[in-house]
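The structure appears right after this line, and notes come after that.
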Amino acid sequence: MVQSRPVVGFERLADALLDPAGSLDFSVRGSRDRDGKHWLDLSLAGTLTVQCQRCLEALDWALRVDNRLLLVREGRELPEEELQEDGWDCLPVGPRLDLLELIEDEALLALPFAPRHEACCAPSTSDGGGTTSPFAGLAQLRKPEGRG
Ligand SMILES: [Zn+2]
């Protein structure tokens with residue numbers, strides 16, 4: 001079952017966004033396999049408003065997370081071969097699992113480090129998609145203005 005919750009309801013996530021508009025859809029499904037392992041299948045979807053690192057304007061970013069977590073008891077040592085397995089993460093759980101906190105953690109982890117508009121209309125100085133350095137911007141500032 002997919003649930004929905006306003007982004008403002010996730011305090012840490014809201015803080016990380018330019019604008020905590022919209023809502024987050026999520027579903028959590030727990031299951032137990034033949035070996036008695038507990039799994040949590042987690043799906044998140046939503047449109048988050050992040051800040052374009054280029055023009056600093058709002059950017060609608062589509063969040064999509066599908067994650068499978070192996071639940072392990074907090075404090076329990078995992079056998080090495082389990083830690084080496086790829087394809088899922090282990091989630092240590094205490095006596096109580098806060099699902100909303102987990103959802104929020106997953107969303108925060110998924111946030112892009114330096115989001116940019118696909119076709120950003122920021123006034124760009126020189127680059128054609130190459131590397132930009134902060135010094136290039138400084139050089140631009142230092143150019144004498146066309147006076148007279
Ligand atoms: Zn932009």
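Side notes on the structure shown:
- Stretched out straight at 0.36 nm per residue, the stretch from Thr49 to Val72 would grow longer than its current Cα-Cα span by 4.9 nm.
- Take the Cβ atoms of Phe113 and Asp35, set R0 to 35 Å, and the FRET efficiency comes out at 0.45.
- Sites Asp89 and Val8 - FRET efficiency at Förster radius 25 Å, r taken between beta-carbons, to 0.05: 0.40
- Counted charge near Ala110, where neighbours are those whose Cβ lies closer than 12 Å (Asp, Glu -1; Lys, Arg +1): -3
- Three-way shape call for the stretch 3-118 based on the alpha-carbon gyration tensor, with the a/c threshold at 1.5: prolate
- Pairwise Cα distances in the stretch 1-50 exceed 14 Å in 57 percent of cases.
- Using a Förster distance of 22 Å, the FRET efficiency for Asp105-Glu57 (Cβ separation, nearest 0.05): 0.20
- Label-point gap, in nm, between Leu97 and Ala16 - each point 7 angstrom along Cα→Cβ: 2.0
Quick note: the coordinates plus some simple rules give every number you see, no bench work behind them. Please read all numbers here as calculations on a predicted model, not as lab measurements. Note that each Cβ is placed from the backbone with ideal geometry, even for glycine, and that neighbours are counted across all protein chains shown.
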